[in-house]
1. For the range 211-226, name all the residues that are of a type in the set (Gly, Ala, Ser) and touching a Cys at 6+ places or on another chain (Cβ under 6 Å).
2. Going through ARG183, ARG104, ARG177, ARG193 one at a time, which residue ends up being open to solvent by 30 Å² or more (accessible area, probe 1.4 Å), more than 20 Å from THR34 (Cβ to Cβ), under 22 Å from the mean Cα position of the chain (by Cα) and basic (Lys, Arg)?
3. Just for the range 126-159: of the residues that are of a type in the set (Val, Ile, Thr) and not in a loop (DSSP other than H, G, I, E, B), which one is least open to solvent (accessible area, probe 1.4 Å)?
4. Out of everything in the range 42-79 that is open to solvent by 20 Å² or more (accessible area, probe 1.4 Å) and in contact with a strand residue (DSSP E or B) (Cβ under 8 Å, 6 or more places away or on another chain), what residue ends up being nearest to ALA219 (Cα to Cα)?
5. Here are some conditions: (1) more than 15 Å from the chain's Cα centre (by Cα); (2) open to solvent by 30 Å² or more (accessible area, probe 1.4 Å); (3) farther than 16 Å from GLY60 by Cβ; (4) at pLDDT 90 or above. VAL199 meets all but one. Which one does it not meet?
6. Residues that are hydroxyl-bearing (Ser, Thr, Tyr) and touching a helix residue (DSSP H, G or I) at 6+ places or on another chain (Cβ under 8 Å): find the helices (runs of 4 or more DSSP H) completely inside the range 174-262 holding 2 or more of those.
7. What number of residues within the range 1-49 are of a type in the set (A, V, I, L, M), more than 12 Å from ALA156 (Cα to Cα) and free of Cβ contacts under 8 Å to residues at least 24 places away in the same chain?
8. Within the range 247-272, take every residue that is modelled with pLDDT under 85 and out of contact with any Ser or Thr (no Cβ under 9 Å at 6 or more places or on another chain) and give me the one that is most open to solvent (accessible area, probe 1.4 Å).
Amino acid sequence: MRKQSPLIILVLGAIAVVALTYTLPPFRTYQLATVGAYLCVTAGLTVLTGLNGQLSLGHGALMATGAYTLALWQNKFNLLVVGIIVAILVTTAVGAVIGLAAARLRGPYLAGLTLAVAVVVPSITSTFDGTFNSDQGLSVVLNPPPESMTVEQWQAWVCWGGALLTVFTLALLTRGRFGRDMRAVRDDETAARLAGISVARTQVTAFVVSAACAGLAGALFAVIAQSVSPGAFPLTLSLFLLMAIVIGGLGRLTGALIGALLLVALPAVAHEIGEAAGSQRLEGNLALTFFGVVLVVVMLAAPGGLASLRIPLKKKGQR
């Protein structure tokens, strides 16, 4: 089957999102916006882990970097588009520093480094509480949306605008030479070096691209919540992100979309069950349990993730 052009997918995706924002109720539209924000980070992470073979447990911290950068910018200048760009640039710089260290590490050592980042970044908000307001976090100053649309519609358009541009850019990158270099490094670093590929540069670039996607996702989450706090980016978020892309399908942007949907759907189900049982602790444990069970079932049924599943079609004339 011929692959669709990224530009066609971009246009069709934009049309679908606009149509959904005018048909879904406000809460579902809010969830749609959340899926778009998650898609930015899952798309970048699935490229990093699936195509380049680098395991990251710190993308939740990179999201926090983007979110806090946007909050600080908005509270001072209130220029949203510029603030999102600044959040991406700051997170990209942080990702470059981590990527330079990550290029020298492999396996559990790389996972340990990114895990340390996920633990350290939230603690910075307590250390510099005069700037980040500690556990209370920061509010995000935003101008009201146009009168012709609701807040939820505006949030969905902003988040999916960022998500579609992210997917479009990553699709172009992974289909070109950079994508071939990442796959070569993932499969065999020695063979990649013999082929003239700079392994370290490829790994650092992949981490930087993925960090930029996470920074965009964090900024969009700040727009949705209109506030940022350490509690919004716990260590479990990084674990959920990794499980989501594995369940969806590593290295596939379609799998990133499935993972983003799961990141919204499974916690929502856990929240409803927790509310019915009257226990917040049950709600938090159920979300992790759901992801674990789904991960086990999918890995047994489809080791390549849900995106690898193919529905068998009957041939013409076959019963």
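The values are calculated or read from the model by the stated rules, or taken from the named source; none is laboratory data. Just so it is clear, the structure is predicted and the values come from calculations on it, not from any experiment. In this analysis, Cβ positions are derived from the backbone assuming ideal geometry, glycine residues included, and neighbour counts consider all displayed protein chains. What goes into the accessible areas is simple: the full protein's heavy atoms, side chains included, and nothing from ligands, DNA or RNA. Shrake-Rupley method; radii C 1.70, N 1.55, O 1.52, S 1.80 Å.
1. ALA217
2. Numbers: ARG104 fails: under 22 Å from the mean Cα position of the chain (by Cα); ARG177 fails: under 22 Å from the mean Cα position of the chain (by Cα); ARG193 fails: under 22 Å from the mean Cα position of the chain (by Cα).
The unique qualifying residue is ARG183.
3. Per the stated criteria, the residue is VAL158.
4. Residue satisfying both the conditions and the ranking: LEU72.
5. So VAL199 meets the others, but not (2).
6. Values: elements: 177-187, 189-194, 199-225, 235-248.
Output list reads 199-225, 235-248.
7. Counting residues in the range 1-49 that are of a type in the set (A, V, I, L, M), more than 12 Å from ALA156 (Cα to Cα) and free of Cβ contacts under 8 Å to residues at least 24 places away in the same chain gives 5.
8. The extreme case among them is GLU272.
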